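The values are calculated or read from the model by the stated rules, or taken from the named source; none is laboratory data. As the structure is a prediction and not an experimental result, all values here were calculated from the model. Positions of Cβ are backbone-derived with ideal geometry, glycine not excepted, and every protein chain shown enters the neighbour counts. All accessible areas refer to the heavy atoms of the entire protein, side chains included, with ligands and DNA or RNA removed. Shrake-Rupley method; radii C 1.70, N 1.55, O 1.52, S 1.80 Å.
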Amino acid sequence: MTIPTFLGRVGSVAGSALSVRQAESVASGIAIIDGRSYRVGQVGSFVRIPQGYHDLYGVISEVGAQATPEAFVDARQRGESWMTVQLVGEIVETSFERGISQYPGINDEVHLVTEEDLGRIYGASEDGQITIGRLAGAESIPVRIDLDRLVTRHCAVLGSTGSGKSTTISSLLRSICLSDGGQRSSGARILLIDIHGEYGDALKAVAQVFRVNPSDDEQPLHVPYWALDTQVLLDFLMGPMSETAFTGVLDRIQAAKLRVAAGVAGVDVNALTINTPLPYSLKQLWADLVDPEYKTWANKERTERAIEEEGDAETLKLPRYQAPGPGSALPDINQTNVLGIKRQLTQMRSRLLDRQYDFMLHPGDWEPNLAGKSVMDLPELLEAWFGHDKPITVLDLSGVPSQVLLRLIGGILNITYEAMFWGRNFPEGGRSRPELVVMEEAHRFLGKDTENPARDMVQRIVKEGRKFGVGAMIVSQRPSEIDETILSQCGTLFALRLSNSADQGKVKAALPDSLNGLVDTLPVLRTGEAIIMGEAARLPIRCRINLPPEGERPSSEDPKVSAAWAKIRAEEDYERLVAAWRSQDPKWGQEKK
């Protein structure tokens, strides 16, 4: 009597790839087992190969003519059907393990995997696992992934626009933060860099949100300039300079940091560098640099300035000097400490006066006075970001100008990584309380640009972060535009629907289990459905991600065009629209109603 799960027999073995001759008894493509119908020979479905005391498991990666071994090509004319199977793991006694300890033999039986078999693989709940969804082909089976490997080995969520990417992220983060019983995990620490401001409302129950223009239940976003990489900051503030001028500016910054370094815990004045995160005043730096550029002298001895009106560092007011005389006539032109950077200082003043950069150049209590003293220091910033009682920190960068976005993200990541790295032996450090950094719309700042501080910082995290408790989650709709080094370091992939061939190729190249046939299913995945593969998944699986509750989903859904256009137009106020634009705040005025 034929066993109902019997599919066929092994015809050839080549490493982890098997060619399986399908039995005539299942030629219909459907098998009925215990009242349940199973489709046979579906790409991405599992098979079981009994080996005495344990079973091998594999995934069907190809079916049909292309799956027929070359030595058996004429078998097609005899009506035989073939499948290509990739071996992925085995069950010894009761536990499933990735990898195999032995290979099947020719003519070994191959069986369909039932829900009972899937339950043996995925059903066992273990410490360190989180439930994220249900198997696409057997929705009674929960899908669990290994949280340790998800975070420390890094991961990527890839999918075209409209594939359910934002909802998947929201669901994943909620699954990490909430146990199966719905209780909040008090020790979780996640930093979400939100480029479009999609997640603040969706995750407010488990997240503290920081925005440039905060609403009542949000905090203002401040990223102190003095905590950023100094060279990157100067490039933004002043643009290109000669090497001599650049060195002169750096010398002044170092001197300003030395003046405030005495008595600061952990600072050795003899080992202080230009990037030691100590506060200094940009206004005072501007004033000190601008005065020599415009100064003239009223006497030949150059002891008396030809000043008409003093400048003011606090208000960024330029000093006014008498114009230099013709030839050798007084007033004399100043030649001391002149760097020839009038244009750069004009740009610096413009940046400092531009209100859209206030979150960085005038960061509230973190802005030093002219003497370099600030009310708040770096410990208060880190405590504000990571010391609150919620597991997720959302940094909403939707109000950040694009001119500074790459530098800002690079700076945020640098602050985060350095804190976790140097504090790794303390309870608040990365090893005692690991951190997952989630980067939305990653293709916007992780491209292959020559000068890209954000990409350089993420490369460091994915290469070194595992040892110090910093993990990365890369989220993108265009994986083909992301730096290859970064994507190759992501041990787990969540591949949602992808239609672009270049993007599919990136996923195919990064497959850790060499199941390239699964890539062919990417264009036909349903919304919210993903192929999960890599370190955190026991097997490559096709999963329906759990949907977050209504009202707790990201604000990324498409507008209902037909319904919107069919409605009677509401009263419109374009003054309000322009005010929201100018304030860089889509919620402008709404809290006041």
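Data overview
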{"item": "Selected residue (criterion: surrounded by the fewest Cβ atoms within 10 Å (Cβ to Cβ)) from residues of region 30-54 that are within 16 Å of A17 (Cα to Cα) and either touching a His at 6+ places or on another chain (Cβ under 7 Å) or not small (G, A, S) (or both)", "result": "V43"}
{"item": "Filter result (closer than 19 Å to D235 by Cβ, of a type in the set (A, V, I, L, M, F, W, C) and part of a helix (DSSP H, G or I)) within region 252-289", "result": "I253, A256, L282, L285, W286, L289"}
{"item": "Region 387-405: number of residues that are closer than 23 Å to L487 by Cβ and either in contact with a strand residue (DSSP E or B) (Cβ under 7 Å, 6 or more places away or on another chain) or open to solvent by 50 Å² or more (accessible area, probe 1.4 Å) (or both)", "result": "2"}
{"item": "Set P434, P479: member being touching a residue at least 24 places away in the same chain (Cβ under 8 Å) and open to solvent by less than 10 Å² (accessible area, probe 1.4 Å)", "result": "P479"}
{"item": "Hey, D268 more than 26 Å from the chain's Cα centre (by Cα) and under 22 Å from L397 (Cβ atoms) or not", "result": "no"}
{"item": "Residue within region 323-335 that is polar (S, T, N, Q), open to solvent by 70 Å² or more (accessible area, probe 1.4 Å), in a loop (DSSP other than H, G, I, E, B) and within 30 Å of V400 (Cα to Cα) present", "result": "no"}
{"item": "Of the criteria (1) out of contact with any Pro (no Cβ under 6 Å at 6 or more places or on another chain); (2) among the hydrophobic types (A, V, I, L, M, F, W, C); (3) modelled with pLDDT of 90 or more; (4) within 19 Å of A442 (Cβ to Cβ), which one F210 fails", "result": "(4)"}
{"item": "Candidates F468, F445 - the one that is farther than 30 Å from S160 by Cα and in contact (Cβ under 8 Å) with a residue 12 or more places away in the chain", "result": "F468"}
{"item": "Criterion (under 26 Å from Y199 (Cβ atoms), surrounded by fewer than 18 Cβ atoms within 10 Å (Cβ to Cβ) and modelled with pLDDT under 85) met by exactly one of S499, S514", "result": "S499"}
{"item": "Of all residues making up region 396-437, the number that are among the hydrophobic types (A, V, I, L, M, F, W, C) and within 20 Å of K467 (Cβ to Cβ)", "result": "9"}
{"item": "From P427, P379, residue being over 22 Å from N213 (Cα atoms) and in a helix (DSSP H, G or I)", "result": "P379"}
{"item": "Subset of region 525-539 (residues that are surrounded by 19 or more Cβ atoms within 10 Å (Cβ to Cβ), modelled with pLDDT of 80 or more and in a loop (DSSP other than H, G, I, E, B))", "result": "L525, G528, E535, A536, A537"}
{"item": "Answer from S171, S166 - the residue that is closer than 26 Å to G551 by Cα and within 13 Å of the chain's Cα centre (by Cα)", "result": "S166"}
{"item": "So W297, is it surrounded by 19 or more Cβ atoms within 10 Å (Cβ to Cβ), more than 30 Å from H222 (Cβ to Cβ) and of a type in the set (A, V, I, L, M, F, W, C)", "result": "yes"}
{"item": "The one condition in (1) farther than 30 Å from H388 by Cα; (2) within 28 Å of the chain's Cα centre (by Cα); (3) surrounded by 18 or more Cβ atoms within 10 Å (Cβ to Cβ) that F246 fails to fulfil", "result": "(2)"}
{"item": "Yes/no for S163 being of a type outside the set (D, E), modelled with pLDDT under 90 and surrounded by fewer than 20 Cβ atoms within 10 Å (Cβ to Cβ)", "result": "no"}
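A quick yes/no check of all residues on (1) out of contact with any Phe, Trp or Tyr (no Cβ under 7 Å at 6 or more places or on another chain); (2) more than 22 Å from L547 (Cα to Cα); (3) open to solvent by 10 Å² or more (accessible area, probe 1.4 Å); (4) part of a strand (DSSP E or B):
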{"residue": "S101", "(1), (2), (3), (4)": "yes, yes, yes, no"}
{"residue": "T131", "(1), (2), (3), (4)": "yes, no, yes, yes"}
{"residue": "R144", "(1), (2), (3), (4)": "no, no, yes, yes"}
{"residue": "V151", "(1), (2), (3), (4)": "yes, no, yes, no"}
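Condition check ((1) among the β-branched types (V, I, T); (2) modelled with pLDDT of 90 or more; (3) over 21 Å from L352 (Cβ atoms)) across all residues:
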| residue | (1), (2), (3) |
| --- | --- |
| D291 | no, yes, no |
| K300 | no, no, yes |
| E308 | no, yes, yes |
| G311 | no, yes, no |
| Y321 | no, yes, yes |
| A329 | no, no, yes |
| L339 | no, yes, no |
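Matching residues to (1) within 24 Å of L278 (Cα to Cα); (2) open to solvent by 80 Å² or more (accessible area, probe 1.4 Å); (3) out of contact with any Asp or Glu (no Cβ under 8 Å at 6 or more places or on another chain); (4) touching a residue at least 40 places away in the same chain (Cβ under 8 Å):
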position	(1), (2), (3), (4)
E314	yes, yes, yes, yes
R355	yes, yes, yes, no
M360	yes, no, yes, yes
I409	yes, no, yes, yes
T416	yes, no, no, yes
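Conditions (1) within 22 Å of R538 (Cβ to Cβ); (2) modelled with pLDDT of 85 or more; (3) outside any strand (DSSP E or B), marked per residue:
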site: T2; (1), (2), (3): no, no, yes
site: R9; (1), (2), (3): no, yes, no
site: L18; (1), (2), (3): yes, yes, no
site: S28; (1), (2), (3): no, no, yes
site: Y38; (1), (2), (3): yes, no, no
site: G41; (1), (2), (3): no, no, yes
site: Y57; (1), (2), (3): yes, yes, no
site: S61; (1), (2), (3): yes, no, no
site: D74; (1), (2), (3): no, no, yes
